[in-house]
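Report on one structure; see the data block that follows.
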Amino acid sequence: MRTNWMSAVLKLAAIYNLLWGAWVVLFPNHFFELVGMEPPTHVMIWQGMGMVIGVYGLGYWWASQNPLVHWPIVAVGFLGKIFGPLGFVMNFSAGKVPFGFFYTLITNDFIWWIPFFLILKEAYKQRNIRWL
């Protein structure tokens, strides 16, 4: 199977994550203003999250060089893209975040579910995935 589309998806994810991470680090209150939330008291925690997202971007870029070999990076990203929305549902249900926060899930998580899943499926099919 040709992996050109996989590399392209991972490069797009890398660029997106690097930009999103930089935005959160450099303009930490902007996101909260957009969704109508009070900015956090300890901004550095939110900036730390931006740093982590940026680091994911580096991982995706490196994984794009050979997606089927570097599937663990894709798997970690995929899990984050599953657990992020679950965390939103839990916090929204408890009244801790406004619905406006949901819109970040579209670009941060949902659009990546199918391509990341397909990369992992192909890695498994090609026997690149070895569990322990």
Selection from the range 65-108 of residues that are within 16 Å of Tyr124 (Cβ to Cβ), in a helix (DSSP H, G or I) and among the hydrophobic types (A, V, I, L, M, F, W, C): Trp71, Ile73, Val74, Ala75, Val76, Phe78, Leu79
Odd one out for Lys96, checked against (1) charged (D, E, K, R); (2) under 17 Å from Trp5 (Cβ atoms); (3) loosely packed, with under 14 Cβ neighbours inside 10 Å: (2)
Matching residues, the range 12-30, being under 16 Å from the mean Cα position of the chain (by Cα) and crowded, with 16+ Cβ neighbours inside 10 Å: Ala13, Ala14, Tyr16, Asn17, Leu18, Trp20, Gly21, Val24, Val25
Of residues in the range 110-132 being among the β-branched types (Val, Ile, Thr) and surrounded by 14 or more Cβ atoms within 10 Å (Cβ to Cβ), the one nearest to the chain's Cα centre (by Cα): Ile111
Close pairs (6 angstrom Cβ cut-off, 6 or more residues apart or separate chains): in contact (Cβ under 8 Å) with a residue 60 or more places away in the chain in the range 97-117, surrounded by fewer than 14 Cβ atoms within 10 Å (Cβ to Cβ) anywhere: Val97/Asn91; Pro98/Gly36; Gly100/Gly36
Candidate set: the range 99-109, residues that are exposed (fewer than 14 other Cβ atoms within 10 Å of the Cβ) and out of contact with any Leu (no Cβ under 9 Å at 6 or more places or on another chain); chosen: the one farthest from Tyr56 (Cα to Cα): Phe99
Residue count, the range 46-80 (criterion: under 18 Å from Ile114 (Cα atoms), without any contact (Cβ under 8 Å) to a residue 12 or more places away in the chain and in contact with a helix residue (DSSP H, G or I) (Cβ under 9 Å, 6 or more places away or on another chain)): 2
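Read-outs: derived from the displayed coordinates by stated rules, not from any lab. Here the structure is a predicted model, which is why all the values come from computation and not from measurement. FYI the Cβ positions are ideal-geometry reconstructions off the backbone, even for glycines, and counts take in every protein chain you see.
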